[in-house]
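First up is the structure itself, then whatever we jot down about it.
The values are calculated or read from the model by the stated rules, or taken from the named source; none is laboratory data. Owing to the predicted nature of the structure, the values given are computational and were not obtained by experimental measurement. Don't worry about glycine lacking a Cβ; one is built from the backbone with ideal geometry, like all the others, and counts go over all protein chains shown.
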Protein chains: 2
Amino acid sequence: MKKISKLERQKLLQEKLKENPFFIDKELAEIFDVSIQTIRLDRMELGIPEVRKRIKTVAKRANDQLKSVQSEEVIGELVDINLDKAGISIMETSKELLLEKSKVVRGHHIFAQANSLAVAIIDTDVALTGSAKIRYNRPVYLGERLIAKAKVENKKGNKFCVRVETKVKGELVFSGEFIVFSVEADNGIEEV
Amino acid sequence: MKKISKLERQKLLQEKLKENPFFIDKELAEIFDVSIQTIRLDRMELGIPEVRKRIKTVAKRANDQLKSVQSEEVIGELVDINLDKAGISIMETSKELLLEKSKVVRGHHIFAQANSLAVAIIDTDVALTGSAKIRYNRPVYLGERLIAKAKVENKKGNKFCVRVETKVKGELVFSGEFIVFSVEADNGIEEV
DNA sequence: CTTGTATTAAGACCTGCTACTAATTTAACT
DNA sequence: AGTTAAATTAGTAGCAGGTCTTAATACAAG
């Protein structure tokens, strides 16, 4: 790379390491055509830790996030619950979905929040979604806070009809009606 | 930790590092109350790389996986596509959802596969899901291969009705009807 | 021509290893 | 008990990718 000003180099360095934290100083020195020492100085000034720490951070964060994204009981954060009756969950997009590339939150995340809320408010060991009717009203953008409110519409035996409405600043962006079953042992319906 | 047999120790070591790959040899030595060298020998015999490599692997894989789980165009793998008509996607559960704790695949993953397939077969720059009716027929267990087939039922202008059926070994586990819109610029419906 | 910033160099030391050699302990067998 | 094999521990050299410090250059600007 052609010689550029210190400022430019440091800016590029930050970008470079943000998108790929795996570079070692030597490689960076070659990329920017400066000495290793210069890279080290740059890192110091910018407060960028060494490769091994960068990698560790990525591993830790990604590990945690994967766990939370994929294994969390409830997608989003449960802020209020009234068993067998109603519940509210909040999901910060961009915190929970921070690796999303586009600025639009993809539908299955919104679905996941609503669905897991619908299941969570049922007072039983295992609750399974049997079916659902859902509707997306407008796109949700990264950074918007999704507030999902669920309400049990009616209950017949172990079958619940739960209505979920998801809003952004009071504006309805998603609604769904979930038929959820409470079960004790395994029967024939999808756990969610 | 009390002294145990080599076999037991190596077994525990593997488990320990599986759930937390960040331990250094010294820490492991203390945990198992053996010398560092013993830990190194164990790692050798078990083919377990050093901490820094383990961490790097986690970082790389988690990075990739996060990207694929959250930002992939299609959740699952697109194996056949006939634009504006039909498509097939395969999702290996436990490969893509490997941090799942329970043995049951959670519903929003199945939904995500179906929904993204429904969107993918539409021949347009941007396709948005407007609404959906879905049904879960039976739970899907980790390890089962989900084959989703989508078919455009009818098309009116920019509005498509796509039916998706997801099967495991020929058995229907999920079905859904998605109303999808093709759009050029931003209009008012959720991108998925 | 000096002053200040930027860059490069050099050396000691650090962590968490690998690779190798060798000694010591423990358990097993006849 | 005595011998043998397996398991464990110890010790050394060397490596990668650094930190931290001190010092020497380069170079542009007043």
Margin query: Whether any residue in segment B:28-45 is small (G, A, S) and either surrounded by fewer than 14 Cβ atoms within 10 Å (Cβ to Cβ) or over 26 Å from A:K53 (Cα atoms) (or both) is what I want to check.
Written below: yes
Notebook entry, point to check: What residue, among those in segment B:23-34 that are in a loop (DSSP other than H, G, I, E, B) and within 10 Å of DNA strand C (Cβ to nearest atom), is nearest to A:N63 (Cα to Cα)?
Noted result: B:F23
Check: B:S116 fails exactly one of the following numbered conditions: (1) under 26 Å from A:A62 (Cβ atoms); (2) part of a strand (DSSP E or B); (3) at pLDDT below 95. What is the number of that condition?
Finding: (2)
Note to self: I want to confirm something. Restricting to segment A:120-143 and keeping residues that are facing chain B (nearest Cβ under 8 Å) and outside any strand (DSSP E or B), which single residue is surrounded by the fewest Cβ atoms within 10 Å (Cβ to Cβ)?
What the structure shows: A:R138
Next item on the list: Exactly one condition in (1) closer than 30 Å to A:D64 by Cα; (2) modelled with pLDDT of 85 or more is not met by B:L98; state its number.
Entry: (2)
Next item on the list: Might you let me know whether segment B:149-157 holds any residue that is modelled with pLDDT of 95 or more and within 12 Å of chain A (Cβ to nearest Cβ)?
Entry: no
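Taking B:E19 as the residue in question, decide whether it is more than 13 Å from DNA strand C (Cβ to nearest atom), out of contact with any strand residue (DSSP E or B) (no Cβ under 6 Å at 6 or more places or on another chain), of a type in the set (D, E) and within 14 Å of another protein chain (Cβ to nearest Cβ). Quick ask: steps written out before the conclusion?
Working: more than 13 Å from DNA strand C (Cβ to nearest atom): yes; out of contact with any strand residue (DSSP E or B) (no Cβ under 6 Å at 6 or more places or on another chain): yes; of a type in the set (D, E): yes; within 14 Å of another protein chain (Cβ to nearest Cβ): yes.
In short, yes.
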Next item on the list: List every residue pair whose Cβ atoms sit under 8 Å apart, with the two residues 6 or more apart in sequence or on different chains, where the first one lies in segment A:32-58 and is closer than 19 Å to A:K11 by Cβ and of a type in the set (K, R) and the second, anywhere, is in a helix (DSSP H, G or I) and within 8 Å of DNA strand D (Cβ to nearest atom).
Entry: A:R40/A:D25; A:R43/A:D25
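Okay, residues lined up against (1) part of a loop (DSSP other than H, G, I, E, B); (2) away from chain A (no Cβ under 14 Å); (3) at pLDDT below 95:
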| site | (1), (2), (3) |
| --- | --- |
| B:A59 | no, no, yes |
| B:Q65 | no, no, yes |
| B:L78 | no, yes, yes |
| B:S94 | yes, no, yes |
Next item on the list: For A:M1, indicate whether it is of a type in the set (A, V, I, L, M, F, W, C), exposed (fewer than 14 other Cβ atoms within 10 Å of the Cβ) and more than 26 Å from B:K53 (Cα to Cα).
Entry: yes
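Mind telling me which of the residues A:I110, A:I90, A:I147 ends up being assigned to a strand (DSSP E or B) and either assigned by TED's automatic domain parsing to the domain that holds A:E19 or within 13 Å of the chain's Cα centre (by Cα) (or both)? Let's see the steps before the verdict.
Numbers: A:I110 fails: assigned to a strand (DSSP E or B); A:I147 fails: either assigned by TED's automatic domain parsing to the domain that holds A:E19 or within 13 Å of the chain's Cα centre (by Cα) (or both).
Within the list A:I110, A:I90, A:I147, the selection yields A:I90.
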Item checked: Failed item, numbered, when B:E8 is tested on (1) closer than 27 Å to A:V51 by Cα; (2) more than 8 Å from DNA strand D (Cβ to nearest atom); (3) in a helix (DSSP H, G or I) -> (1)
Next item on the list: Working only within segment B:30-55, note down all residues that are within 10 Å of DNA strand D (Cβ to nearest atom) and more than 14 Å from chain A (Cβ to nearest Cβ).
Entry: B:F32, B:D33, B:V34, B:S35, B:I36, B:Q37, B:T38, B:I39, B:R40, B:L41, B:D42, B:E45
